[in-house]
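Q: Just dropping this structure here.
No lab work stands behind these numbers, since they all come straight from the coordinates. Everything numeric in this text was worked out from a predicted model, so none of it was measured. Because the Cβ atoms are built from the backbone with ideal geometry, glycine has one as well, and the counts that use them run over all protein chains shown.
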Amino acid sequence: MTNWQQHEEQGMAAIESAASSEALEDVRVGLLGRKSELKLALREVRERETGALLNGIRTRLERRLAERERSLASAEIERRLREEVIDVTLPGEELLLGHLHPITQVRRTVEDAFLGLGYEVRDDREVETVEYNFDKLAFLPTHPARSPRDTFFFDEHRVLRTETSPSLIHALEQRSPPSYMVSIGRVYRRDAITATRYPIFHQFEGLAVDRGITLADLKGTLLHVMRALYGPERRVRFRTHFFPFTEPSIEPDVSCGICGGSGCRTCKFSGWIEMGGAGMVDPEVLSNVGLDPAEWGGFAFGCGLERTAQLRHDIPDIRALWEGDLRVLRQF
Ligand code: DAH
């Protein structure tokens, strides 16, 4: 075997054993690059015979290089097809889409209704002082809500607020009227858990303080909010009542949206549904926040959000709103 035959065989072996396109390129440079043995020899060649021999070797090496290049490239494609396979026909991962809790939905509807009237929306502290939760709201010293049997006390002076009204007292003290605002948030009462009561619940409470406010303003505002909550056909009526902080005090009813007023199970066949409490702000409460009752007047009304959600969706048991059972909540 001549040196050149040997050179060719070694070259072929090197081409075969190159494991990647990069390695093959190194082999090519070594065999056929400008400074390779073969290229230098070809440049020097004088006789036809040697020239033919060397050209033959070069051609065969080039052909083998090209073949190896192709097979390395297709092996690469095979590998990527195997490793990076994405089957677009397989079902994708399901992203579960949540929605707002019914209480949050009601809360937002209430906020929208009041914002539409130009009211300010407030939330506030849930730990209140007896002074703000009861005294400033003109609760008599003998009022049953002041008892630890009705209210959660931390100590003699601090309670979990039993209504959203204290937030409005804070606001009235911080600014001068006219004030139009709604306080929405959690309140606490020591009630046993039943289908209609839960010791934690939400209220919204609207308050307007201005000059020349009348009961007609209260009625119009309530009607607006009730229609936002229950639909444009609703009617509102008032029954007299007592609350420490309003005079006169009333309980508003809204016409039943389920039967339209003709009587059904939800409205206990009366055609009307109780909505909470309302009234004209008691002069004593205005004095308590430093306002002159001869100049300023106001109205207030409060409703429970749970009750509103129950009525909107015909949910018979308030506990469903607190248990977080997705089988229930997904329905709303
Ligand atoms: N605070 C009362 C309650 O929780 C509801 C209420 C009654 C709110 C009369 C008011 C009102 O604003 O004027 O039972």
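Q: Among Cys303, Cys259, which comes first, second and so on when ranked by fewest other beta-carbon atoms within 10 Å?
A: Final ranking by Cβ density, sparse to dense: Cys259, Cys303.
Q: I would also like to ask the following. Per residue of the range 17-23, what does 6.51 cos²θ - 1.76 cosθ + 1.60 with θ = phi - 60° give for ³J(HN,Hα)? Whole Hz please, x for Gly and Pro, Karplus curve as stated.
A: In residue order, the calculated couplings are 8, 5, 9, 8, 4, 5, 5 Hz.
Q: Can you list the cysteines of the chain that have no other Cys Cβ under 4.7 Å away?
A: Within the chain, the cysteines lacking a partner Cβ under 4.7 Å are Cys303.
Q: Just Arg82, Arg197, Arg48 to compare: in a GNM of the chain, with alpha carbon springs under 10 Å, which one fluctuates most?
A: Most flexible of the set in this elastic network: Arg48.
Q: Check the straight Cα-Cα distances from Lys136 and name the lysines below 28 Å, setting aside those fewer than 8 residues away within the same chain.
A: Of all the lysines, those that pass the test against Lys136 - Cα under 28 Å, at least 8 places apart if same chain - are Lys219.
Q: Taking amide H atoms as placed 1.01 Å from N in the peptide plane, list the residues 5 or more away in sequence, or in a different chain, whose amide H sits under 5 Å from that of Ser249.
A: His241, Phe243
Q: In whole Å, how far is the Cα centre of the range 100-126 from that of the range 222-237?
A: The distance from the Cα centre of the range 100-126 to that of the range 222-237 comes to 16 Å.
Q: Still on this structure, please answer the following. Could you tell me the relative contact order of the chain? Use alpha-carbon pairs under 8 Å, at least six residues apart, and round to a whole percent.
A: Computed value for the chain: 14 percent relative contact order.
Q: Something else about it: Looking only at Leu137, Leu291, Leu42, which one moves most when the chain is put into a Gaussian network model with springs between Cα atoms under 10 Å?
A: With Cα springs under 10 Å in the chain, the top fluctuation among Leu137, Leu291, Leu42 is at Leu42.
Q: With the cut-off at 1.5 for a/c, could you classify the range 146-275 from its C-alpha gyration tensor as rounded, prolate or oblate?
A: Cα axes put the range 146-275 in the oblate bin.
Q: Taking GluC sites (Glu not before Pro) as exposed when DSSP calls them loop (any state but H, G, I, E, B) and at most 13 other Cβ atoms lie within 10 Å, what is the longest stretch of the chain free of them, the sites themselves excluded?
A: 157-232
Q: Mind jotting down the distance between the C-alpha centroids of the range 15-68 and the range 165-212, whole Å?
A: 92 Å
Q: Can you pull the one-decimal nm distance between simple spin-label points at Val127 and Thr50, each 7 Å off the Cα toward Cβ?
A: Computed distance between label sites Val127 and Thr50 equals 10.2 nm.
Q: Taking only Cα atoms and a 10 Å spring cutoff, compute GNM fluctuations for the chain and point out the largest among Leu90, Leu229, Leu31.
A: Maximum fluctuation in the GNM of the chain, among the listed residues, is at Leu31.
Q: Mind running the shape call on the range 189-233? Use the C-alpha gyration tensor, a ≥ b ≥ c as the square roots of the eigenvalues: rounded below 1.5 for a/c, prolate if a/b tops b/c, oblate otherwise.
A: Cα axes put the range 189-233 in the oblate bin.
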